[in-house]
Amino acid sequence: MLGFPAVRALLIQVAAFPLTLAIVYLLASSGMVLSYWHVALAQGMLAALLSWWRALASWWRAIQFGFPLALLGASALAIPPAAFLAVFLFLLLLYWSTYRTQVPYYPSGRKVWEAVAAALPQGRPLRVIDIGSGIGGLVLELQRRRPESRIEGIELAPLPWLASHLRALTTRSGARFIRGDYEKLDLGDYDAVFAYLSPAAMSALWRKAAREMRPGSTLFSYEFVIEDRPPSRVIHPTTEGPALYMWDF
């Protein structure tokens, strides 16, 4: 748990709080008049400095600095607590364990679906899975194009998984959506695996794929490469957009 950046960021905010209180006490003792905004500013600066010291990514420093100020600003708006709870539950169901996986929800787009469909082997049934399938766009499109094949998606977050499952039911698609963690799958069961994850997840994905995927299968990754593992093929679905990388086993 302590290795996850989001957990470390939270602990840093907690650690910065007593330091902030000590600084505020010293300044107040010297006669300086302080407001809550001064306290939030001090908390944010200390948290950003601690994030730099603990070598968190640069964007975490900005988040740590702005969090106390945003919290104080939101409290001044007098928003009903139920609204905060509703937003929290929605984001929880949408992102779920992003703090652990470091893979946010972000859809790939139709041009990518078309590129994957064109790159798949033709003339025989396939078993394909999209790991982190979101609301199911790629899976549903591939199943429509390849009705003889078994196209699956796996998604950990409850809300995107439910949306994809309902889409398959309403369109009477043969696509199958699993709610779970792809790390528990055997990738050797598939002819092709598609991933649109994040740089933080690619090394672990490659280790799993190299261990499990069988000869003749292909790993697809949109946008993110695997360090020290040159892809077998590269396709550019759009002129100026990210590339689609493929590793043939």
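Cut-off is 10 Å between beta-carbons; in what order do VAL24, VAL33 appear when sorted fewest neighbours first? Intermediate values should be presented prior to the final figure.
Values: VAL24 16, VAL33 7.
Ordered by Cβ neighbours within 10 Å, fewest first: VAL33, VAL24.
Just subtract the alpha-carbon distance of LEU89 and LEU166 from 0.36 nm times their residue separation and send over the number in nm, one decimal. Please report the intermediate quantities before stating the final value.
Details: separation 77, 0.36 × 77 = 27.72 nm, distance 2.00 nm.
Going from the current span to full extension adds 25.7 nm.
How many angstrom lie between the Cα centre of the range 117-182 and the Cα centre of the range 46-65?
Using only Cα atoms to place each centre, the spacing works out to 38 Å.
Could you list HIS165, HIS38 so that the one with the fewest beta carbons within 10 Å of its beta carbon is first and the one with the most is last? Kindly include the intermediate steps, with their values, before the conclusion.
On the way: HIS165 19, HIS38 16.
Ranked by crowding around the Cβ, least crowded first: HIS38, HIS165.
Could you tell me which residue out of LEU205, ILE235, PRO215 lies farthest along the dipole of the range 185-235 toward its positive end? Charges go on the beta carbon: Lys and Arg +1, Asp and Glu -1, centred on the Cα centre.
The listed residue farthest towards the positive side: PRO215.
From the P(r) of the chain, can you give the percent of Cα pairs sitting at distances over 26 Å? Display every interim value, and only then the final one.
Numbers: 15908 of 30876 pairs.
That tail contains 52 percent of the Cα-Cα pairs.
Just going by the charge dipole of the range 153-203, with Lys and Arg at +1 and Asp and Glu at -1 on Cβ, which of LEU162, TYR182, ALA195 is farthest out on the positive end?
Positive-most Cα among the choices belongs to LEU162.
In the chain, once you exclude exposed GluC sites (Glu not before Pro) (DSSP loop, at most 16 other Cβ within 10 angstrom), what's the longest stretch remaining? Walk me through the numbers before you get to the answer.
Numbers: sites that count: GLU148, GLU227, GLU240.
It works out to 1-147.
Charges only on Cβ, +1 for Lys and Arg, -1 for Asp and Glu: so what's the dipole of the chain about the Cα centre, in debye to the nearest 20? Let's see the in-between values first.
Working: 23 positive and 17 negative charges, 62 e Å.
Dipole of the chain, to the nearest 20 debye: 300 debye.
What residue among LEU219, LEU85, LEU138 has the largest mean-square fluctuation in a Gaussian network model of the chain, using Cα springs under 10 Å?
Sorting by GNM fluctuation, first place goes to LEU85.
Going 7 Å from the Cα of ARG214 toward and past its Cβ, which residues in the range 122-137 have a backbone nitrogen under 11 Å from where you end up?
Within reach of a label on ARG214: 127.
Using a Förster distance of 51 Å, how high is the FRET efficiency between ALA6 and SER232, based on the Cβ-Cβ distance and rounded to 0.05?
Details: r = 34 Å, r/R0 = 0.67.
Efficiency for this residue pair is about 0.90.
Restricting to the chain, what percent of DSSP beta bridges are antiparallel, rounded to 5?
Antiparallel: roughly 30 percent of the beta bridges in the chain.
Since every read-out is calculated from the coordinates, none of them should be taken as a lab result. Predicted, not measured: the structure shown is a model, and the values here were computed from it. All Cβ positions, glycine included, derive from the backbone under ideal geometry; neighbour counts span all protein chains shown.
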